[in-house]
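Beneath this line is the structure, given in structure tokens, with notes to follow.
The values are calculated or read from the model by the stated rules, or taken from the named source; none is laboratory data. Bear in mind the structure is a predicted one, so any value in this text is a computation, not a measurement. Because the Cβ atoms are built from the backbone with ideal geometry, glycine has one as well, and the counts that use them run over all protein chains shown.
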Amino acid sequence: MAYWLLKTEPEVYSWERLEQDKKTMWEGVRNYQARNALKEMAEGDLVFIYHSGEEKMIMGVARVTKAAYPDPTSSEAKWLVVDIEAVKPLMRPVSLEEIKNTYLLNVMPLATQSRLSVQPVTEPQWNLILKIAKTEV
């Protein structure tokens, strides 16, 4: 299993909306590095959902339910989507400030490549974030 982080602007598609919808197609990625990360995702991988914009917090955990396939919202075949489902909210959301100020987390792409919308998370980073968030998955 691999671990990932997906960034979203909450006014466009929030963690709360994913909880209501139960599942969604994660579409609209138009960055090659992010697209390549989508390509690596496998069914069953776990994903943090991160609110960008004003909040700047990891809000919940989702699971990949369908590996990468062509983005039906694009006329170009090079762009991909994955399907995800909500697993559970974090008991305590984890802020970008906390991530930047925590050893091991401060080297995450979230802290070093602020524009990257799809990014890998190492298993130690994943476990530390869950510990900070007081959440078990």
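Descriptive notes on the structure:
- Within the range 1-21, considering residues that are under 21 Å from Thr135 (Cα atoms), surrounded by fewer than 18 Cβ atoms within 10 Å (Cβ to Cβ) and among the hydrophobic types (A, V, I, L, M, F, W, C), the one modelled with the highest pLDDT: Ala2
- Among the residues of the range 93-107, those that are over 26 Å from Arg30 (Cα atoms) and either touching a Cys at 6+ places or on another chain (Cβ under 8 Å) or part of a loop (DSSP other than H, G, I, E, B) (or both) comprise Asn101, Thr102, Tyr103, Leu104.
- All positions within the range 18-68 that are closer than 16 Å to Trp4 by Cβ and of a type in the set (Asp, Glu): Glu27, Glu40, Glu43, Asp45
- Residue check, Thr24 crowded, with 16+ Cβ neighbours inside 10 Å and within 23 Å of Gln125 (Cα to Cα): no
- Within this structure, Leu104 fails the test of being surrounded by 15 or more Cβ atoms within 10 Å (Cβ to Cβ) and either among the hydrophobic types (A, V, I, L, M, F, W, C) or under 13 Å from Leu6 (Cβ atoms) (or both).
- If only residues of the range 27-85 that are among the hydrophobic types (A, V, I, L, M, F, W, C) and surrounded by fewer than 13 Cβ atoms within 10 Å (Cβ to Cβ) are counted, the one that is modelled with the highest pLDDT is Ala42.
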